[in-house]
Structures are given as structure tokens and as C-alpha cells.
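As C-alpha cells, the structure follows; a few thoughts come after it.
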Amino acid sequence: MSSFRLCPDSGFYFNRDAERLMKVNAVAGVVALLIAGILALGVVLTRWQEVHLLPADMFYQVLTAHGINALIFWVIFFEMAILHFASTTLLRCRLATPGWAWAGFFLMLIGAIMNNVAVFQGNSSVMMTSYVPMQAAPHFYLGLILFAVGALVQVFVFFGTLVIAQQEKTYEGSVPLVTFGAIVAAIIAVFTIASGAIILVPTFLWSIGYINHIDAEMYRVIWWALGHSSQQINVAAHVAIWYLIAGILFGARPMSEKVSRFAYLLYIVFLQLASAHHILVDPGISTEWKIFNTSYAMYLAVLASMIHGLTVPGSIEVAQRQKGLTGGLFEWLRKAPWGNPVFSGMFISLVTFGFLGGITGVVMGTEQINLIIHNTIYVPAHFHATVVTGTTLAFMALTYLLIPVLFRRQMIFPGLARWQPYIFGGGMVVLILFLLGAGTLGVSRRHWDMDFTGAMLGFEYPGMAYTLVAIGSIGGVLAIVGGGAFLLITVGSLLFGKKLEPSAGFLECFTGKALAASVYNVEKPEKLAMAPKLKDQHHGAAGSGFEAPGTFVLALLLLVTFVVYYFINWKYLSSVWPMGS
Ligand code: HEM
Ligand SMILES: [Cu+2]
């Protein structure tokens, strides 16, 4: 029976079972993003002190649901779709055990719903991190556990698919780089989920009264093995998408496959250790351990992201130059398809992740200067640069690509789609920059009332802090508008976009109705051939010095920005602690 179709636009082979799973996982993720986005409005409009929309208890409830729906449910559902894509589509292989994959998906779905129900019932406003001794309702933890088990099942189906691809020899040589990135993400996912089980299962038992004590320090250490490594999954996944999009849009090839793969491996080896940056002020943990992890191990993982951040635009530059866009340093970039949201989303993701997420991440991860901003609103500002403009925007860019390729629909509102990455990314950048500023002035994160009304010990922030939070919040509202535009375009296109193939419908994929045979007419895809060797193997041999001078200049700019900002923070530290003269 034919179970593959060949996408006429992209040349991708889609396997019928895998395709359905990609669709349901992606759609479930988008629904979680919708919920998170609506809640984000409550969060920013409350933090904006002049508006101060929600009462305190509701603010913490909404913030808990915002964090979990966005960072856990949206991102991980979408990553499951990416895993199925990176295995079955990129390797032209059938899906191992579709039944198990569906079981995993439903476990995740039940878990996500259960957790949301717990939060909205009102006794589980414990924030995404659910630090003990705060206690949530038992089904809060149970929901997360089911979600994690479901994700683990789908990850194992991914590994199973890799084995089948290898046994059935669906590809030549080694797996493509994008699949390699997905494998790295999946390996980290196993570690992450194991850590999650180690800490959340006892916490669940504690919530139903079977265990009477969970050590708060231990909880934080193990929770961050989950919380931090899962960010590494996100990075590995969105970097894979950068490579994928660069390859599809420009025919770009990584400047060195070996170096890129090596950089991926650094993630596995080192970034788990950097979990330490979250517990830098926990008194129960030794200073040596903190310094080793944050001041040594962290840089090796940062190095990995810098390699990817350099090689992706570098490979685009090389590809563009080969097409004749050789003028000056930046003609290749100026003449890139800025009106195509697949490109603009991906490129904004890359730049904001590097400049905003990367630089602030190193500052936060440095034991000494971390103390200036620890637990301030600087922290969410930093990670909105990594998981929102970085990961989420990359996923959005990929979605624009998948609407025609996977869902076989024409995009509605293409004019709006052109602008969407700029509205979303631009609004978010305003939010990030201004909240970074507010955090440097000491404004707390997860804090309902900047005025400390009625507090026994009053405290007054400088007036500037209020202004910064207000402007940041306006940026946040703009980003929510941009996020709404994304949802409108994608969901609208799936429901109402012109069908590109008469039988390839969105709703059909849920009822299990077989798509017409005319679509699935490939029994066994052609074997994936090894990519031909790059023409020019001698880097810089042409005498020009650099293959990618524009990218080199961008990298220097990043370095200079970093050094200046890093220096400012150290200088500032000396005035916060009156050590300077
Ligand atoms: C478009 C809209 C968004 C806006 C305006 C927004 C705004 C905010 C703000 C202001 C906070 C900090 C509140 C505080 O600490 O007092 C926050 C927290 C958070 N946001 Fe967002 N956000 C958005 C989207 C996202 C997305 C897409 C993700 C994840 C992929 C995300 C993940 C989180 C997480 C994990 C927290 C921390 C919750 C906690 O402290 O437990 N946000 N958001
Ligand atoms: Cu971290």
C-alpha cells in the first residue's frame, strides 16, 4: 500500500501516519500558544503599574498558566511535530509504531488539559517552577507527569524511526544535519524528562499526602536539571530550523558540516551543567560548584550557539554570493527575501537570539554580575529573547513553510503575514530591552505590586523604573497583536485557505479518513542520496581572504557589543556594592 506522497513544491516525501501526527502535534501546540497569548495580556497589563488590571491572586494564577502553556505545552507539542518531520520526512522513512506515537500524543493532550484545569480551578498558582514548599493540587503535578510521559513515548518513536531508516537504508551516508540536530534535541529530552520524573513524581506523592517532606534545596537543584536542559532542547530545535530554512530558501550548505555537528555535541556535553545559573544564590550549594559550572562550562555551551549563529548566516552569505550578490559587505543580506515571513522570521530569530538572548545570558550566568539582576524582571526579559523571539519566532517561520507543504493550503492574508514577524519580533524586542533596563534598576520578577502598598517595610523604586516597565508593556501588547496575527493567519489558512490538493484537508486528518490515493501514490521513496561534496573545499583559497566577510563583520559587532555591555555591568556592580571609590 502506498503510504507516501511527494510534495510537488518542496520535493519532500510525507508519510501518511507521520503526517497526521505532525499535524495534530502542531495544532495542539498552536492552541496552547493561543491560550498563553491571551494570558500574556493579563500579565503585561498588570505589571504596567498605571493599568494594574488584575487583582493579586488572579495575576499569579494567570502568570502560572502563561508560563506553562507557552514554555511547556506550545513549545514541546511543536517539537514533537519537528521530530516526526526530521525523522520521517527528511530521511524518507515510515514512522515506527504509529499507535504508540498516538498514545503519546493523547497522554500529552490529557496532561496539558489536566494541568490547565488545576491552575484555573485556583489552588495551583505556584508558577511554572512550582517550588516547594508551595503546594499545588495533585492533578497539577499529575498533568505535568502525563504530559512528560507522553512526550517521552513520542521521543522513543522518533528513535525507533531512526533505526528503521537505517535498517531499510532509506538514506546514504550519515543523517542530514537537521536530523542530527533533532537527534541531539531528543537525547537531551530523555535526560530532561528523567529529571522531571525524579522530582515531580515525589512531589505529586507529597501533594496527595503520601510523603510528608520534600527538601526545598534538592527540589530546586533537580527541577533545574529539567528546567534548564529543556531550554537546550529548544535551542537545538530552533537551530535545526535555522539550518533547514537556510537550506530550503537559499540552497545554503553549512560552511563545515563537521564543525556544526561538533557544536551540537557540545550542547549535550556541557549545557546541562549550566543549570547552575538558576541557583546561584541558593545558600546550600557550594561556591566551587557554582563557579565551575557558570564560569567555565557555560562558555563551552555558549561557544556552540556562537558557532551555529555564525555558520547559518555565513552559509546564506556564501550561497547568495554564488548567485552573484557580491556587492559590498552586505548586498547578500539586503537582497534577501525580507518580505517572506519564512526568511524574516528565521533571521530575526537568529539575530535576537544572539544579540539579546546570548549576551544577557552570559551576563546572568556570571556568578558575580548575576547578583545585580538575580530574580529581577531582567530574567524574564532575557528568556523572552531566547524562547520567544528565538524559539517561538523560528517555529512560526517554519509554520509558514508548512502551511503549503504539509497542510497543502494556500496562506490567507499574505500581506499580513509579510508584516507579522516584524510586529511580533519588534514588539517583543521593545518588551525585552525595557524590561532588561527595569531589571537592572532592581524591579522584581513575578511581582504584582511595584508600589508595595501596605507592606510593613516600604520600598520605592526610582520613577524611571515605572516608565521602563510601562514602555516594555506597550511593546508586549504589540507582540501580542503580532502573535494574534500569526494565529489568525495559520488557523485561518488551515480552515479556509484554498486547498492545494483537493483531498488533502485539515479536518480529514483528525477523522482518520484516508486522503485520496492520488495523493499517496509512492510506495517507497527514492533513497536519499548523499549530498554532493561542496565545490570549493579550500576555504578562502580564492584569494579573497574570507568566504563570508559580511557575517564576519556581524560577528565582530556581536563581540564588541558583548564586551562593552559586560564591562558596564562589572562597573555597575562596583557601585551597587560600594567597593569602588
Ligand atoms: C506575546 C507575547 C508575550 C508577552 C507580552 C509576555 C510577557 C511576559 C511577562 C511580562 C512576563 C513576566 C511577568 C513577571 O515576572 O512578573 C512573562 C513571563 C513568562 N513568559 Fe511570557 N510573554 C509572551 C509570550 C511568551 C512565550 C511565547 C513564551 C514561551 C515560549 C513565554 C514564556 C514565559 C515564561 C516561562 C514566563 C515566566 C513565568 C514565571 O515566572 O513562572 N512568554 N511573560
Ligand atoms: Cu538556564
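Could you check the simple spin-label distance between LEU329 and SER2, using points 7 Å along Cα→Cβ, in nm with one decimal?
Reported label-point gap for LEU329 and SER2 is 5.3 nm.
So for each of 50-58, 138-146 I average, over its residues, the number of other beta carbons within 10 Å; can you give me the resulting order with the highest mean first? If you can, show how the numbers build up before the last one.
Details: 50-58: 13.2, 138-146: 23.1.
Sorting 50-58, 138-146 by mean packing, highest first, produces 138-146, 50-58.
How big is the C-alpha Rg of segment 1-227 next to the rule-of-thumb value 2.2 N^0.38 Å, as a ratio?
Scaled against compact globular proteins, the figure is 1.13.
Treat segment 159-202 as a sphere of radius equal to its Kirkwood radius over Cα pairs and apply Stokes-Einstein at 37 °C in a medium of 0.692 mPa s; give the translational diffusion coefficient in µm²/s, rounded to a whole number.
271 µm²/s
Taking the Cα-to-Cβ direction at VAL117 and at LEU205 and moving 7 Å from each Cα, how far apart do the two end points lie in nm?
2.5 nm
Between ALA56 and LEU488, what is the label-to-label distance in nm when each label sits 7 Å out along the Cα-to-Cβ direction?
The answer from the label model is 3.8 nm.
Give me a comma-separated list of calculated 3J(HN,Hα) values for segment 426-436, in order, Karplus coefficients 6.51, -1.76, 1.60 applied at θ = phi - 60°, integers in Hz, x for any Gly or Pro.
Ordered by residue, 3J(HN,Hα) equals x, x, 5, 4, 4, 3, 5, 4, 6, 6, 4 Hz.
Between GLN322 and PHE159, what is the FRET efficiency for a Förster distance of 30 Å, r being their Cβ-Cβ separation, to the nearest 0.05?
The computed FRET efficiency comes out at 0.25.
Rounding to the nearest 20 debye, state how big the charge dipole of segment 1-227 is about its Cα centre with +1 on each Lys and Arg Cβ and -1 on each Asp and Glu Cβ. Write out the running numbers ahead of the final one.
Numbers: 9 positive and 10 negative charges, 93 e Å.
The dipole magnitude comes to about 440 debye.
Give LYS23/LYS258; LYS258/LYS290; LYS23/LYS323; LYS335/LYS571; LYS258/LYS323 a once-over and call out the pairs whose C-alpha atoms are over 29 Å from each other. All intermediate terms of the calculation are to be shown ahead of the outcome.
Details: LYS23/LYS258 32 Å; LYS258/LYS290 32 Å; LYS23/LYS323 35 Å; LYS335/LYS571 41 Å; LYS258/LYS323 25 Å.
Long pairs (Cα-Cα over 29 Å): LYS23/LYS258; LYS258/LYS290; LYS23/LYS323; LYS335/LYS571.
Sort 83-91, 397-405, 117-125 by packing, meaning the average of other beta carbons within 10 Å per residue, with the highest value first.
Ranking the peptides 83-91, 397-405, 117-125 by packing returns 83-91, 397-405, 117-125.
Under 8 Å for C-alpha pairs, at least 6 residues apart: give me the relative contact order for segment 1-227, rounded to a whole percent. Don't skip to the end; give the middle numbers.
On the way: 317 pairs, mean separation 46.8, N = 227.
About 21 percent, as a whole number.
Could you sort the peptides 65-75, 34-44, 444-454 by per-residue average Cβ neighbour count (10 Å cutoff), highest mean leading? Intermediate values should be presented prior to the final figure.
Numbers: 65-75: 24.4, 34-44: 20.5, 444-454: 15.1.
For the peptides 65-75, 34-44, 444-454, the packing ranking is 65-75, 34-44, 444-454.
For the chain, what's the radius of gyration and Dmax over Cα atoms, in angstrom?
Here Rg and the maximum Cα pair distance are 23.7, 80 Å.
Please report the spacing between the Cα centers of segment 159-227 and segment 250-305 in Å, no decimals.
Between the Cα centre of segment 159-227 and that of segment 250-305, the gap is 17 Å.
Take every Cα pair under 8 Å in segment 121-244 that's 6+ residues apart, average their separations, divide by the length, and report that relative contact order as a whole percent. Don't skip to the answer; put the middle values down first.
Details: 103 pairs, mean separation 44.3, N = 124.
Taking the mean separation of contacting Cα pairs over the length of segment 121-244, I get 36 percent.
R0 = 56 Å: FRET efficiency of LYS527 with GLN49, Cβ-based, nearest 0.05?
Efficiency, from the Cβ-Cβ distance: 0.35.
Enumerate the aspartates and glutamates that LYS524 could reach by cross-link, defined here as Cα to Cα under 13 Å, with residues fewer than 8 away along the same chain left out.
Correct list for LYS524: GLU168.
Just report the Cα centroid separation between segment 88-111 and segment 435-507, whole Å.
Distance between centres, Cα-based: 32 Å.
Report the relative contact order of the chain, percent, no decimals, based on alpha-carbon pairs under 8 angstrom and at least 6 residues apart.
Worked out over the chain, it gives 17 percent.
So what is the calculated 222 nm ellipticity per residue for the chain, using -39500 (n - 2.57) for each DSSP H run with n of 4 or more, over all residues, to the nearest 500 deg cm²/dmol?
-21500 deg cm²/dmol, from helical runs alone.
All of the numbers you see were taken from the coordinates with simple rules; none came from a lab. These numbers come from a predicted model, not from an experiment. In this analysis, Cβ positions are derived from the backbone assuming ideal geometry, glycine residues included, and neighbour counts consider all displayed protein chains.
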